[in-house]
1. Quickly run through the stretch A:133-147 and pick out the residues that are over 20 Å from B:Arg6 (Cα atoms) and of a type in the set (S, T, N, Q).
2. Name the residue, out of A:Val19, A:Val70, that is open to solvent by less than 40 Å² (accessible area, probe 1.4 Å) and more than 8 Å from DNA strand D (Cβ to nearest atom).
3. When you check B:Gln61 against the structure, is it closer than 24 Å to A:Leu56 by Cα and more than 33 Å from the chain's Cα centre (by Cα), yes or no?
4. Is it fair to say B:Ser9 is touching a residue at least 40 places away in the same chain (Cβ under 8 Å), within 11 Å of DNA strand D (Cβ to nearest atom) and among the polar types (S, T, N, Q)?
5. Within the set of pairs 6 or more residues apart or between chains, which connect a residue that is open to solvent by 10 Å² or more (accessible area, probe 1.4 Å) inside the stretch A:227-254 to a residue that is polar (S, T, N, Q) and part of a helix (DSSP H, G or I) with Cβ atoms less than 7 Å apart?
6. Only one of (1) open to solvent by less than 50 Å² (accessible area, probe 1.4 Å); (2) assigned to a helix (DSSP H, G or I); (3) of a type outside the set (A, V, I, L, M, F, W, C); (4) outside the structural domain of B:Asp249 (by TED's automatic domain parsing) fails for B:Asp134. Which number is that?
7. Going through the stretch A:89-100 one residue at a time, which ones are open to solvent by 10 Å² or more (accessible area, probe 1.4 Å) and assigned to a strand (DSSP E or B)?
8. What number of residues in the stretch B:22-38 are part of a loop (DSSP other than H, G, I, E, B), more than 6 Å from DNA strand C (Cβ to nearest atom) and surrounded by 16 or more Cβ atoms within 10 Å (Cβ to Cβ)?
Number of protein chains: 2
Amino acid sequence: MSGNWRPPSSTDVARAAGVSQSAVSRAFTPGARIAEATRAKVMAAAEALGYRPNLLPKILQTNRSGIVAVVVGGFYNPYFAMTLEAFSLALTAAGRQMLLVRVDSDRVLDGVVDQLAGYRVDAVVSALALTSQDAADQLAKLRIPIVTLNSDLAGDWIRSVSSDNFAAGEAAARLLHARGGTRFGFVAGPADSPAQVAREAGFAQGLASLGLPPAVRAGGGYDYASGEAAARALFAGPERPDAVFCANDLAAFGVIDTLREAFDLKVPDDVLVVGYDNLDMAAWAPYRLTSFDQDVEALVEAAMALLSVEAGATCVARTVPSQLVERESTRRR
Amino acid sequence: MSGNWRPPSSTDVARAAGVSQSAVSRAFTPGARIAEATRAKVMAAAEALGYRPNLLPKILQTNRSGIVAVVVGGFYNPYFAMTLEAFSLALTAAGRQMLLVRVDSDRVLDGVVDQLAGYRVDAVVSALALTSQDAADQLAKLRIPIVTLNSDLAGDWIRSVSSDNFAAGEAAARLLHARGGTRFGFVAGPADSPAQVAREAGFAQGLASLGLPPAVRAGGGYDYASGEAAARALFAGPERPDAVFCANDLAAFGVIDTLREAFDLKVPDDVLVVGYDNLDMAAWAPYRLTSFDQDVEALVEAAMALLSVEAGATCVARTVPSQLVERESTRRR
DNA sequence: TTGTAGGCGTTATCAG
DNA sequence: CTGATAACGCCTACAA
């Protein structure tokens, strides 16, 4: 156990195999011109020494690390897990590594930019609404492509993928109306989420174009507790909604549980509920929640495609349709 | 938009500032001896060029990347999300980066070892039961420390942290007995999970030491569907259990929903249920599930401590007690 | 305090 | 087909 040990280098292998360092490099380069005998000698020596090629020198020369940084704001929402899972698979399939960066706020991301630049990450994927134009500009200056999910930033090195939040909002309005809703409620997500804004706008537009009264509004977060609070607010008065669109599933669960527990209201008999994200849980017995499937696969596929787009290309934004999955929460018997 | 652009190097900055490259290096090294005037010149030039120090050369020389690889097996379980979240915070606080590696099976990890070695990751954290001794040995040969969570591997470079699964199993037995359970059921996790094995063994031991009959057994997975299937199996016959310990919360939810839907049994009135992990969802109205909190914070803290332990140190395994959180699922009225 | 020179481990280029 | 050599960008002696 020597104090300062160093992993075996190609030079070490070369010495052991009695060849030059270049020969070792060639032995590990697919498709390189090298005699089979030489390759065998090298491989034997490499095996004996436990040699693994160091990737850093190559990165140093090419400035391409094969690492993609994925920035997330928190893991409380299973939706992030779905996204991460899909990204992880896609990146692995593309032979790239994923550097996971968690930021509490955009200010923190600013601090992380130096690190990301230092590691020469090939690209940054922002799965949270990265509203900081400043951080985006810094990355752009470094010519690091950014792919944002459900965001509304724009710029040379910024590409974005969104699910069609506006259209989903409209569809929610049509569905709730078709299923017999007359007094509408909207449980909002955080105000700084472009996705939330678009969903709400679409919902409002959908109601308006059907000649229906606007929705009563409550909420302000994407979590369960927000849904609970929103339900309490919406159903406290005498004019209770009978059809509620929630900015996401997690909030919808909070709404449903609160309706049952605190107001003794049944879903869908007394109130219709629609969510967004189509989490696994949406299919569970206590909820059977009608929801919009963001089609994470497609979202990620689009994002991966945008990662490889050259700078200044025309296609910088893509929208992926979300699909309505209807369950019992909007099916009155 | 030149085709092959290269980020500004310290040499570029030096040229722009009219100083030597080493002066730039010193300007960016905290506590280096450099005249204030020189530093100012350098900083101005750096700012103008958008220079960020490249971390790779340093890594190349020190073989310390500041990157910790976290290996996970899937994200379907919110428990992984909790763990990731905690690790992410801890690593960031320690000024390190997290490379997230998802593997489908241990065989795949073997393939990833080369990559991890190539990037010179400082350590590997395995949040899945990394049962492949082979992969572990490979990493050990490379002198890359491994910290495994809830695993039972051993070796020079392997350290492990576990929650006290056995003790929790015993506690579950005591609790279910104290709350009036007489016929016991166990909903198992995957057979290759050491945590599952320990929980089951502890449960069996707990029942035995109370002079109770052994538990009927079903299941074999950590997900909701496994819980559903296990409940169907356990409650199909005439001898139905009235107290069930589930290897984790997700399975417990499946059990509870199935009892309600398929067997018209009430929890806790007809059946007592205990889970493991204490997910956020365990507190939700439809479940109010008694569960064991793994104390992820402590688990991660312990893991972080083990990351810095020198090779050959004596402390290679730590156990973190899990805390029982009792809710309505075990409180008969 | 500052500049010069060597080396980290690899790939690419070129001469043999 | 093989071996020597020059980068890549930084840090760390060492010399001025």
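The values are calculated or read from the model by the stated rules, or taken from the named source; none is laboratory data. Keep in mind that what you see is a predicted model, and the values were worked out from it rather than measured. Note that each Cβ is placed from the backbone with ideal geometry, even for glycine, and that neighbours are counted across all protein chains shown. Only protein heavy atoms, including side chains, enter the accessible area calculation; ligands, DNA and RNA are left aside. Shrake-Rupley method; radii C 1.70, N 1.55, O 1.52, S 1.80 Å.
1. A:Gln133
2. Answer to the selection: A:Val70.
3. no
4. Against the criterion (touching a residue at least 40 places away in the same chain (Cβ under 8 Å), within 11 Å of DNA strand D (Cβ to nearest atom) and among the polar types (S, T, N, Q)), B:Ser9 qualifies.
5. Once the first residue is open to solvent by 10 Å² or more (accessible area, probe 1.4 Å) and sits in the stretch A:227-254, its partners that are polar (S, T, N, Q) and part of a helix (DSSP H, G or I) give A:Glu228/A:Thr258; A:Arg232/A:Thr258.
6. Exception for B:Asp134: condition (1).
7. A:Gln97
8. So the answer is 1.
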